[in-house]
Amino acid sequence: MIRLSNGYEFEFCCASGALGFDGLGYFWERPWHWLGRLRHPKMAVITKSLTFDARKGNLKWWCPWRCVRLVEDGFVNAVGLTNPGFGWWLRKVAPRLNHPTIVSIVADTMPTLKSMLERLNKLSYPVVGVELNMSCPNTQEMEYGDVYNYALYASSWSRHPVIVKLSALHPCASICKELDGKIAAVDLINTIPWTELWTIEPSPLAKYGLLGGVSGLPIAQHAREALTSVTRAEVSMPIISGGGVYDREEAEERFALGADAVAFGSIYIRKPWLPYQIVEQWSKERLHGD
C-alpha cells in the first residue's frame, strides 16, 4: 500500500497511457467503462503523459498501425508522446475529473517544468499526485544527473506528491538511493526499446522508419529485476511496479518482491476487463481476511 503525504492510499493503478487522459479509456475501451468494469474504484489513474505544448508524435488516429503493433504476449509502440498539450488538458479534462488522478508530465526544460507544476498546484482533489515521466523510449531519455535534478526541482515546486517514472535502462537503484526521502514514490518501469530486447529481429515498425518500445510479458523479467535492485538497495520510498503484469499471480509476485503498488498497462489492450477483476477479487479477499 502506498500512502501519499496528502492521505491518498492505493495498491493498484493504471499505468500512464493505459486509460487515456482522463481514466475513462480510449474509444475501444469505452464499452467496459459504461459497464463499470474498466477501472476499479480502488485504482488510481495515471494520465497519458502530457507535454507543455501539443506534440504531434507519430500517432495518426486513422492509421495507428504505423506506430502501434501487437507482438507475441506484448505490445510495441512508437507513439512518441502524441498529445494535445498541457493547456488543453487543463481546459478540457481537469474540470470533469471525478476519480483520484495522478497527472503524468514530461518537461524538456526547468522553466517548462516549473510552469506546469505551478498550474497543477492550483488544482485540488481529485488530482492526488504528479508523475514525472523520465523514461519515454521514443524520445531522448534523460541521463542520471538530469533525472536527479529534475526530480528534486519538481519536488520543491509541487504541492502535490511527486512520483518519478524510470526506465530499466536507468541505474534505478542508484537513482532511488539519491532520491530516497526526497520524492513521494518511484514507478518502475517504462517500456523498453525494441533493440534492447531483440538485437537481430527487426521491429514490426521498422518499415515505417520506427523502432518503438516494448511492453507486456516480454519485459516482465526486466521489471522484476529493476524492482529487486531497488528493494535490495534498502530505500524507504514506496515503489510502484509495472511492466508485464498480465495476471493475478504476477501482481502477487511483485508485492512479494517488495512493491508497494502494482500498475496495469498494456493488459488493457488485450483484456481491458481483467485489471478490474483482479482488484475486485483482491479487495474481497482482504475484506474477508482470506
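The values are calculated or read from the model by the stated rules, or taken from the named source; none is laboratory data. The shown structure was predicted, so the numbers you read here are calculated from the model rather than taken from an experiment. Every residue, glycine among them, receives a Cβ derived from its backbone with ideal geometry; neighbour counts consider all protein chains shown.
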### Query
How many of the residues in the range 176-204 are buried (at least 22 other Cβ atoms within 10 Å of the Cβ) and either in a loop (DSSP other than H, G, I, E, B) or free of Cβ contacts under 8 Å to residues at least 40 places away in the same chain (or both)?
4
### Message
Go through the range 22-55 and report how many residues are closer than 23 Å to residue 1 by Cβ and either aliphatic (A, V, I, L, M) or assigned to a strand (DSSP E or B) (or both).
### Response
5
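Per-residue answers, yes or no, for (1) among the β-branched types (Val, Ile, Thr); (2) more than 19 Å from residue 184 (Cα to Cα):
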| residue | (1), (2) |
| --- | --- |
| 4 | no, no |
| 13 | no, no |
| 22 | no, yes |
| 30 | no, yes |
| 37 | no, yes |
| 47 | yes, no |
### Summary
Matching residues in the range 205-227 (part of a helix (DSSP H, G or I) and either of a type outside the set (D, E, K, R) or under 20 Å from residue 268 (Cβ atoms) (or both)) number 11
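Each row is one residue, and each column tells you yes or no for (1) crowded, with 18+ Cβ neighbours inside 10 Å; (2) in contact with a strand residue (DSSP E or B) (Cβ under 7 Å, 6 or more places away or on another chain); (3) at pLDDT 95 or above.
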site: 10; (1), (2), (3): yes, yes, yes
site: 17; (1), (2), (3): yes, no, no
site: 39; (1), (2), (3): yes, yes, no
site: 50; (1), (2), (3): yes, yes, yes
### Task
Could you look through the range 257-281, keep only residues that are assigned to a helix (DSSP H, G or I) and of a type in the set (Phe, Trp, Tyr), and pick out the one that is surrounded by the most Cβ atoms within 10 Å (Cβ to Cβ)?
268
### Query
How many of the residues in the range 228-252 are buried (at least 18 other Cβ atoms within 10 Å of the Cβ) and part of a helix (DSSP H, G or I)?
3
### Query
Of all the residues that make up the range 90-109, how many are surrounded by 21 or more Cβ atoms within 10 Å (Cβ to Cβ) and either touching a strand residue (DSSP E or B) at 6+ places or on another chain (Cβ under 6 Å) or more than 24 Å from residue 240 (Cβ to Cβ) (or both)?
7
### Check on residue 24, buried (at least 17 other Cβ atoms within 10 Å of the Cβ), within 18 Å of the chain's Cα centre (by Cα), over 21 Å from residue 244 (Cβ atoms) and not β-branched (Val, Ile, Thr)
yes
